[in-house]
Amino acid sequence: MKTTHKTIDSRSLGLALRNERSRQGWTVTRCAQELGAGVGLVSRWERGERVPTFQYADRIARVFPALSLDRQAAFLFGPNL
């Protein structure tokens, strides 16, 4: 029996984060400050090179309500977890 694995789509989440940041009129530096993260880390998230840890995902959800934890999971794993 063939097993299928869900793949992580970090680019979709990164694009959503970039869009929300832009809506606020924030630079990557300002976004990093608001999230308590480094500028390089936020840039890697936005490019889809890294995925936020749960701690940062929670901060993202608090700073950007449109990116709730459920919505972030849907971006990463698809809408039907």
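Things worth noting here:
- In the context of the full set of protein chains, the chain has a per residue accessible area of 66 Å² (1.4 Å probe).
- Computed magnitude of the charge dipole of the chain (debye, nearest 20; Cβ of K, R +1, Cβ of D, E -1): 140 debye
- Compared with the dominant Cα axis of the chain, that is its longest principal axis, helix 54-63 is turned about 50°.
- In the chain, the DSSP-assigned H stretches of four residues or longer account for a calculated mean residue ellipticity at 222 nm of -18500 deg cm²/dmol, using -39500 (n - 2.57) per stretch and the full residue count as denominator.
- Within the accessible area of the chain (1.4 Å probe), percent carbon and sulfur: 50 percent
The values are calculated or read from the model by the stated rules, or taken from the named source; none is laboratory data. Values in this document were obtained by computation on a predicted structure and should not be read as measured data. For neighbour counting, all protein chains shown are included, and Cβ atoms are generated from backbone atoms with ideal geometry for every residue, glycine included. The area values use the complete protein model at the heavy-atom level, side chains included, leaving out ligands, DNA and RNA. Shrake-Rupley method; radii C 1.70, N 1.55, O 1.52, S 1.80 Å.
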